[in-house]
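Report on the following structure.
The values are calculated or read from the model by the stated rules, or taken from the named source; none is laboratory data. Everything quoted here is computed from the prediction, not taken from an experiment. When we count neighbours, we look across all protein chains shown, and the Cβ atoms used for this are built from the backbone with ideal geometry, even at glycine.
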Amino acid sequence: DQQVKQNSPSLSVQEGRISILNCDYTNSMFDYFLWYKKYPAEGPTFLISISSIKDKNEDGRFTVFLNKSAKHLSLHIVPSQPGDSAVYFCAASRAGNQFYFGTGTSLTVIP
Amino acid sequence: NAGVMQNPRHLVRRRGQEARLRCSPMKGHSHVYWYRQLPEEGLKFMVYLQKENIIDESGMPKERFSAEFPKEGPSILRIQQVVRGDSAAYFCASSPQGQGYGYTFGSGTRLTVV
């Protein structure tokens, strides 16, 4: 029962261009969403979050968009940099302590 | 201020042995969460603990798995009589408050059952 889905296992983008990573969820009760970035052999690191009362949150080069009616969120990285190459996980929670993670999207930024 | 510390980083066990994974949360964090990542899958919630209490263990397999977070010392995830299917990366995370906050993850313990 995958409540959070990332349907693109991988994405390649040229340096300087925009990277768009997508995430869909099925539980309309989710009200808090996060993106994590993970390098090989390391734990996930928090990147950016958004609560359901907003539809956009921006932090530097990273912007997360939330479309509640479509149960869809996306992470935009602009401009993309080679150091952004990593696996990105989206996660969702219902104001609680258990987060449901997607299966991740591996981003490669090509210099 | 050290982050979430997990040890060992790598653990090899033969089938039938016990595996003990340790997690020390960040200083000041009293909420600990364990997640498991199987190959080619995302992170799956296992258990949420506060000091001396299990708050939510809905993701824990019913048998062979247990977790504790004693008053003193690290949180321990114990897997008894390991099987090959237990091979995975086990991540611990901590937070200062339980509700609606993101976590800080440790670097994980990679368990290999041979």
> Is at least one residue of region A:19-41 in contact (Cβ under 8 Å) with a residue 12 or more places away in the chain, among the small types (Gly, Ala, Ser), within 14 Å of chain B (Cβ to nearest Cβ) and over 22 Å from B:Ala89 (Cα atoms)?
Replying inline: no
> Does region B:46-68 contain at least one residue that is at the interface with chain A (Cβ under 10 Å from one of its Cβ atoms), touching a residue at least 40 places away in the same chain (Cβ under 8 Å) and touching a Ser or Thr at 6+ places or on another chain (Cβ under 8 Å)?
Replying inline: yes
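Quick one: is B:Glu72 over 25 Å from A:Cys90 (Cα atoms) and acidic (Asp, Glu)? Steps first, answer last, please.
Values: over 25 Å from A:Cys90 (Cα atoms): yes; acidic (Asp, Glu): yes.
Answer is yes for this residue.
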> Looking at region B:58-78, is at least one residue among the β-branched types (Val, Ile, Thr) and modelled with pLDDT of 95 or more?
Replying inline: yes
>> I'd like to know if region B:76-88 contains one or more residues that are closer than 12 Å to B:Arg22 by Cα, within 14 Å of chain A (Cβ to nearest Cβ), not β-branched (Val, Ile, Thr) and not in a loop (DSSP other than H, G, I, E, B).
In response: no
